[in-house]
Amino acid sequence: MSGPVIATRDLAIGWSPSELLLEHASFQVERGEVFGILGRSAAGKSTLLRVLIGLESPIAGDLDVLGERPQATIASHKRPSFGVMYQHGALFGALTVGQNVGLPLEVWTDLPADAVRAIARAKLALVGLGDTVDQSPATLSGGMRKRAAIARALALEPPLLFLDEPCSGLDPVTSAEIDHLIATLAHAYGLTIVLVTHERSTIQTIVDRCIVLDRGERRIVAGGVPAELAQHPIPEVRAFFVPAGPLEGE
């Protein structure tokens, strides 16, 4: 497939045409890059992510993800072409870690149980959790749960990952480890990664390009390379790129 992995044009999202969070949003995500969706609390970051993965429909505009409209893909019950890590991991407590990772394979493939388990173990090993396959998610730390959720997102070997606040709530050391993992997945395995984040360390170290949403303006107020946006004329945009602690998240 040639062209951008994601393309939007004049996208409008929100609860209704009279209650919009974002309008006239046009941007592209190129193959192999780590693309950040930034914005302060209630700017619409997570809502935009839900639209991109097909859990919500846009109010208006055009949206193309890997050559398809994601809402149509869900409606047709077609095997997903991307993986998703939700903000708090969203692991099922009644399943083991390995069963959580293997769940997409159970749903979307006809692989035998031993093959599913082997793949789940391999994906967990990829994120540094190879010995947790039989553990309960309740025994994992916050950072480990996020790693397990990333492993599950990788189960079907998609070319595109969506990550919702992958470092939120983690200590600086664990956050740096997750950042390193994300960068490795993008650069060593050629994945395209779209992440919602408010962590300056993540923005500064692994994001290739990004957009900044503004709730008051209901639009994308900036977009580009983080190093360039650090010199942006709007102070609220520059604030995302200065060397300080995390911003308030959504």
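Given the rule -39500 (n - 2.57) for each run of at least 4 DSSP H residues, summed and divided by the residues of the chain, what is its mean residue ellipticity at 222 nm, to the nearest 500 deg cm²/dmol? Write down the numbers at each step before the final one.
Details: 9 runs with 84 residues, N = 250.
Helix-only estimate at 222 nm: -9500 deg cm²/dmol.
Starting from the Cα of K45, draw a straight line to each of the lysines and keep only those under 27 Å, dropping any in the same chain fewer than 8 residues away.
K78, K146
Let's see if you can work this out: charge +1 on each Lys and Arg Cβ, -1 on each Asp and Glu Cβ, no other charges. What is the dipole magnitude of the chain about its Cα centre, in debye to the nearest 20?
180
Please report the projected area of the chain's Cα convex hull averaged over all directions, in nm².
Working: hull surface 53.4 nm².
With every direction weighted equally, the projected area is 13.4 nm².
Compute the Kirkwood hydrodynamic radius of the range 56-131, taking the inverse of the mean of 1/r over all pairs of distinct Cα atoms, and give it in Å to one decimal. Display every interim value, and only then the final one.
Working: mean 1/r = 0.0687 Å⁻¹.
For the range 56-131, the Kirkwood estimate is 14.6 Å.
Could you report the range 50-177's accessible area per residue, 1.4 Å probe, as an integer in Å²?
Working: 5860 Å² over 128 residues.
About 46 Å² of surface per residue is accessible.
How much of the pair distance distribution for the range 192-238 lies past 12 Å, counting alpha-carbon pairs only, in percent?
Values: 680 of 1081 pairs.
The calculated P(r) of the range 192-238 puts 63 percent of pairs beyond 12 Å.
Given a 1.4 Å probe and every protein chain left where it sits, what share in percent of the accessible area of the chain is carbon and sulfur?
On the way: 6050 of 11130 Å².
The C+S portion of the solvent-accessible surface of the chain is 54 percent.
Using +1 on the beta carbon of Lys and Arg, -1 on that of Asp and Glu, and nothing else charged, what's the dipole of the range 176-232 about the Cα centre, debye to 20?
Values: 5 positive and 7 negative charges, 49 e Å.
Using only the charged Cβ atoms, the result is roughly 240 debye.
Filter the DSSP H helices in the chain by two things, a Kyte-Doolittle mean of at least -1.0 and an axial alpha-carbon span of 15 angstrom or more, and list the hits by number. Each step should come with its number before you reach the end.
On the way: long enough: 97-108 (18 Å, 0.53); 113-126 (20 Å, 0.76); 142-153 (17 Å, -0.38); 172-189 (25 Å, 0.53).
Flagged H segments are 97-108, 113-126, 142-153, 172-189.
Rg and Dmax in Å for the range 90-195, alpha carbons only: what are they?
13.1, 41
The values are calculated or read from the model by the stated rules, or taken from the named source; none is laboratory data. On a predicted model such as this, the values are computed, not experimentally measured, just so you know. As a convention, Cβ positions derive from the backbone with ideal geometry for all residues, glycine included, and neighbour counts pool all protein chains shown. These area figures cover heavy atoms from the full protein model, side chains too; ligands, DNA and RNA do not enter into them. Shrake-Rupley method; radii C 1.70, N 1.55, O 1.52, S 1.80 Å.
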